[in-house]
């Protein structure tokens, strides 16, 4: 019996196979039990972290348990025990697989970073730009994969310093060859982090004015008045002033009334007071932000400066309010029998007469 148990078949095949299948069949209930425990704990605390961990690490943990079973099985194989080189290579393979499995779990966890960050920000009443979440998730993916590659390379005795030097030289060559692309990329980061505008805002940058339809890491797409879509590179947007009209809390209206000379002073004062009352009683104009004043005695008439702020910042509503105020001011002038002035000039004729003409 002892000879049978100590035979090469039992020590090299039967015992390793038994250990491996034991771990294989126990992996599913063990991981499921751990998952239920995590969900139960997180449910009691009113959090969702247990479900996120279970989603991220359920399959990697299952693979790790099977890998442990395979490693223990091979470590108990007589042939492996008698070969230090084989045992060392198996240990390296096992550690490399652990790095891959752990990276796999964190990689899956980073897929839910958008949902996690958004819900966390809502609880803290923070404003989070959802466009940044996929970016951060992608950056985290790259970092995880790069770290895993470096750790595995070091495990197998590859020269990391040489690899990093090669990556540095390659990166420098790529940067020189793709300078404009990198400038647009960093410009996109600046735009997303600074958040000067959002999709749907009406903006003006440089000579381009219109509604933003798309924001990405290369360019900004703006639909202009003529319905043409203009693509503006991010590097240009990041280095030039941007006027965002959609974020105006109110709009300013300013114009000059030129009253014809000859109107009595009291009549001018009465007109100015009526216009002030009109602006004060209008629900479309912000209280305390208007002014009507005699500004100058011009060549053709007496100039009154009028300015006010509309309550609405919407451009269409702004045009409606401005039009209504213009009509109301003209009615006040008609009721007061005051005429608007226009530029005139006197022409002296050869026969000594004069003629007044408009400019």
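Assorted remarks:
- Of the residues making up region 142-190, those that are over 24 Å from the mean Cα position of the chain (by Cα), at pLDDT 70 or above and in a helix (DSSP H, G or I) number 11.
- Scanning region 321-350 for residues that are more than 18 Å from residue 262 (Cβ to Cβ) and modelled with pLDDT under 85 yields 347, 348, 349, 350.
- Residue check for residue 318: more than 14 Å from residue 256 (Cβ to Cβ), modelled with pLDDT under 90 and buried (at least 16 other Cβ atoms within 10 Å of the Cβ): yes
- Region 84-103 residues that are under 16 Å from residue 73 (Cα atoms), paired with ones that are modelled with pLDDT under 85 and surrounded by fewer than 16 Cβ atoms within 10 Å (Cβ to Cβ) (beta carbon under 6 Å, 6 or more apart): 92/155; 95/155
- Residue match in region 55-71 (condition: under 43 Å from the mean Cα position of the chain (by Cα), modelled with pLDDT under 75 and part of a helix (DSSP H, G or I)): yes
- Just one of (1) in contact (Cβ under 8 Å) with a residue 40 or more places away in the chain; (2) touching a helix residue (DSSP H, G or I) at 6+ places or on another chain (Cβ under 6 Å); (3) under 17 Å from residue 273 (Cα atoms) fails for residue 310. It is (3).
- Among residues of region 212-241 being under 22 Å from residue 314 (Cα atoms) and buried (at least 17 other Cβ atoms within 10 Å of the Cβ), the one that is farthest from the chain's Cα centre (by Cα) is 222.
- Selection from region 191-224 of residues that are modelled with pLDDT under 80, in contact with a helix residue (DSSP H, G or I) (Cβ under 8 Å, 6 or more places away or on another chain) and assigned to a loop (DSSP other than H, G, I, E, B): 216, 217, 218
- Residue match in region 255-274 (condition: within 42 Å of the chain's Cα centre (by Cα) and either farther than 21 Å from residue 336 by Cβ or loosely packed, with under 15 Cβ neighbours inside 10 Å (or both)): yes
- Residue identified as at pLDDT below 85, touching a strand residue (DSSP E or B) at 6+ places or on another chain (Cβ under 8 Å) and in the same structural domain as residue 18 (by TED's automatic domain parsing) among 121, 131, 79: 131
Listed here are the residues, each with its yes/no results for (1) in a loop (DSSP other than H, G, I, E, B); (2) touching a helix residue (DSSP H, G or I) at 6+ places or on another chain (Cβ under 8 Å); (3) modelled with pLDDT of 65 or more.
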residue: 85; (1), (2), (3): no, no, yes
residue: 92; (1), (2), (3): no, yes, yes
residue: 103; (1), (2), (3): no, yes, yes
residue: 116; (1), (2), (3): no, yes, no
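- Verdict on residue 275 being in contact with a helix residue (DSSP H, G or I) (Cβ under 9 Å, 6 or more places away or on another chain), within 28 Å of residue 310 (Cβ to Cβ), in a strand (DSSP E or B) and assigned by TED's automatic domain parsing to the domain that holds residue 310: no
- Meets criteria (in contact (Cβ under 8 Å) with a residue 40 or more places away in the chain and outside the structural domain of residue 301 (by TED's automatic domain parsing)) for residue 258: no
The values are calculated or read from the model by the stated rules, or taken from the named source; none is laboratory data. Values in this document were obtained by computation on a predicted structure and should not be read as measured data. Here the Cβ is made from the backbone with ideal geometry for all residues, glycine too, and neighbour counts use every protein chain on show.
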